[in-house]
1. Of the residues Gly15, Gly67, Gly45, which is on the phi > 0 side of the Ramachandran plot and open to solvent by less than 90 Å² (accessible area, probe 1.4 Å)?
2. Is it fair to say Val79 is aliphatic (A, V, I, L, M) and at pLDDT 95 or above?
3. Can you give me the number of residues within region 6-26 that are under 11 Å from the mean Cα position of the chain (by Cα) and of a type in the set (Ser, Thr, Tyr)?
4. Any residue in region 1-24 that is free of Cβ contacts under 8 Å to residues at least 60 places away in the same chain sitting within a Cβ distance under 7 Å of a residue that is in a loop (DSSP other than H, G, I, E, B) and exposed (fewer than 14 other Cβ atoms within 10 Å of the Cβ)? List the pairs, counting only those 6 or more apart or interchain.
5. Specify which of the listed residues (Val76, Val95, Val53) is assigned to a strand (DSSP E or B), touching a residue at least 12 places away in the same chain (Cβ under 8 Å) and open to solvent by less than 90 Å² (accessible area, probe 1.4 Å).
6. Can you confirm whether Val40 is among the β-branched types (Val, Ile, Thr), farther than 28 Å from Glu11 by Cα and more than 13 Å from the chain's Cα centre (by Cα)?
7. Based on what the data block shows, is Phe63 outside any strand (DSSP E or B), in contact with a Gly (Cβ under 6 Å, 6 or more places away or on another chain) and free of Cβ contacts under 8 Å to residues at least 40 places away in the same chain?
8. Among (1) part of a strand (DSSP E or B); (2) touching a Phe, Trp or Tyr at 6+ places or on another chain (Cβ under 6 Å), where does His68 come up short?
Amino acid sequence: MNKPLTLSTPELQAGDVVLTYGMRVRLSPEPRIYQNRGTVYAWNGTVENLDEVKADGFVPMSFLSEGHWVDGKGWVYEVTGRWVIQGNDLATWAVMRSA
């Protein structure tokens with residue numbers, strides 16, 4: 001396996017796999033970019049090793065869940081494996097990048 005690269009948030013690219021909290025998060029095609037007192041990038045991602053993350057127990061499953069309202073049942077939550085990688089140009093990430 002290749003050694004992870006250390007990249008700042010603006011250097012991330014679609015398809016990169018960010019290693020964080022024991023998760024392998026594959027980034028979506030485009031980040032959301034926010035301007036306020038600097039630039040913040042927010043990449044939607046999908047946890048590729050969700051079974052391992054569940055077994056490890058370090059990341060609460062509520063952090064990887066989304067809820068929706070079901071008449072007669074109320075809020076129903078399901079584990080979706082979605083995660084957001086968010087940061088500015090000062091944040092760095094361990095990244096596996098395809099050749």
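1. Selected residue: Gly15, the only one of Gly15, Gly67, Gly45 that is on the phi > 0 side of the Ramachandran plot and open to solvent by less than 90 Å² (accessible area, probe 1.4 Å).
2. In short, no.
3. 2
4. Ala14/Pro29; Ala14/Glu30; Tyr21/Phe58; Gly22/Phe58
5. Val95
6. So Val40 does not fit the description; no.
7. The answer is no for Phe63.
8. It is condition (2) that His68 fails.
The values are calculated or read from the model by the stated rules, or taken from the named source; none is laboratory data. What you see is a predicted model, and the numbers here were worked out from it, not measured in a lab. Positions of Cβ are generated from backbone atoms using ideal geometry, with glycine treated the same way; all protein chains shown enter the neighbour counts. Just the protein is used for accessible areas: all its heavy atoms, side chains included, with ligands, DNA and RNA removed. Shrake-Rupley method; radii C 1.70, N 1.55, O 1.52, S 1.80 Å.
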